[in-house]
1. Cα gyration tensor of segment 211-310, axes a ≥ b ≥ c as square roots of the eigenvalues: rounded (a/c below 1.5), prolate (a/b > b/c) or oblate?
2. What length, rounded to one decimal in nm, is gained on full extension from Ala345 through to Asp358, with 0.36 nm per residue of separation minus their alpha-carbon distance?
3. Which peptide among 175-187, 260-272 comes first, and what is the full order, when sorted by highest mean count of other Cβ atoms within 10 Å?
4. Pairwise over distinct Cα atoms, reciprocal of the mean inverse distance: report the Kirkwood radius of segment 152-295 in Å, one decimal place.
5. Skipping prolines and chain starts, which residues have an amide H placed within reach, meaning under 5 Å, of the one on Ile352, given they are 5 or more residues away or on another chain?
6. Would you please report the Å³ per residue occupied by the convex hull of the alpha carbon atoms in segment 150-222?
7. Multiply the residue gap between Ala235 and Glu98 by 0.36 nm, knock off their C-alpha separation, and tell me the result in nm, one decimal place.
8. Over what distance in Å are the Cα centres of segment 277-310 and segment 167-226 separated?
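Rule-based calculations on the coordinates, nothing more; no lab input. This is a predicted model, so every value here is computed, not measured. Positions of Cβ are backbone-derived with ideal geometry, glycine not excepted, and every protein chain shown enters the neighbour counts.
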Amino acid sequence: MKFNKGAIALVGTLSLFATACGSDATTTDTTVAAVETTLAEVVETTIAAAADTTVAATGETTVAATATETTVAGAAAPAAGGKAGFILPDSKSSVRWETADRPMIEAACKAAGIECDIKNAEGDAATMATLADAMINSGVKVLALVNLDSPSAAAIHEKAAAQGVKLIDYDRLTLGGKADVYVSFDNVAVGKAQGEGLIKCLGDKKPANVIQLSGSPTDNNATLFKQGQDEAIKAAVDAGDIVVTASEAVPGWDNVEGGKIFEQLLTKSGGKTDGVLAANDGLSLAAQTILEKNGLKVPATGQDASVDGLASVLKGTQCMTVYKPVIEEAKGAVGAAAQLLAGEAVTANATINNETADIPY
């Protein structure tokens with residue numbers, strides 16, 4: 001078994017972007033504009049590189065894109081052939097799905113010689129089921145889903161498996177499902193990075209009142225993010241240094257709804273807070289809008305290292321974001337699809353229980 005050292009360096013670190021809440025207003029606009037341009041160039045370069053990657057050229061495939069130090073290179077993928085379907089969850093909860101995952105999956109499929117059909121359910125479980133049916137009828141032999149909730153995805157799994165279609169849980173684990181492999185990051189570690197980041201951003205403020213704004217209650221990842229956050233701040237909470245004054249999950253990762261919920265939580269917290277433990281950049285930005293409306297400027301956490309999230313870090317309205325190398329996750333999923341299409345066992349560096357079985361992770 002060989003290890004892809006480049007992947008280890010990239011996947012093995014959850015990069016923490018942090019800055020003090022105050023910033024030089026005279027340079028912020030220029031810096032933000034520069035970051036937006038640079039990020040756009042980086043994304044384009046990364047996508048182009050994916051089509052000519054050493055991983056594809058050597059037939060090595062990252063199967064489990066976890067945030068650990070042990071990303072394992074899988075078995076050689078077939079040179080060409082086979083059809084796989086990928087269904088993304090939406091385009092509103094996070095910009096990553098259409099701006100990063102889609103083009104990177106497309107590039108990885110091209111490099112692997114696999115025909116890939118990529119669709120987006122736009123936040124609707126019925127639409128996802130319809131898309132899955134259409135893909136199965138069109139002859140896909142592997143179906144990868146980013147589920148909207150476990151029950152609806154498990155129903156798709158049941159139907160697909162009955163027709164001999166292999167299944168990949170992409171990014172989110174389907175509890176009670178029939179996935180053959182799960183490709184994702186270490187989501188508890190993501191939450192820990194957020195909690196640890198907020199502690200650093202709060203500095204010497206003790207006790208600090210914090211509002212926790214979590215992701216969708218139907219997304220297992222959101223549960224894991226919160227678990228990591230809670231573990232990271234537990235000692236500070238037990239010592240009375242941090243007080244979580246309000247905590248709530250946001251259905252469907254809906255940013256508009258997240259803003260409404262945060263406003264209610266802020267009211268519940270007496271109209272003030274010292275920090276916001278938000279699960280991703282979208283919810284953080286929603287909270288920042290409400291904070292600004294109330295004349296408040298406090299550190300908030302984020303995730304996905306989106307252009308808007310990083311711009312907020314530079315402006316000082318968001319204190320950190322968690323960067324995840326989506327390129328590795330996309331290559332991992334496509335690599336797993338290639339192995340499944342070839343009738344090979346998927347090589348992974350861990351297993352995870354989805355409440356049905358222990359599956360490669």
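1. Here segment 211-310 falls in the rounded category.
2. Numbers: separation 13, 0.36 × 13 = 4.68 nm, distance 1.41 nm.
Using 0.36 nm per residue and subtracting the Cα-Cα distance, I get 3.3 nm.
3. Top of the packing list down: 175-187, 260-272.
4. Values: mean 1/r = 0.0610 Å⁻¹.
Computed over segment 152-295, the radius equals 16.4 Å.
5. So Ile352 has HN proximity to Ile359, Tyr361.
6. Cα convex hull per residue, to the nearest whole number: 80 Å³.
7. Once the chain is fully extended between Ala235 and Glu98, it gains 45.5 nm.
8. Distance between centres, Cα-based: 16 Å.
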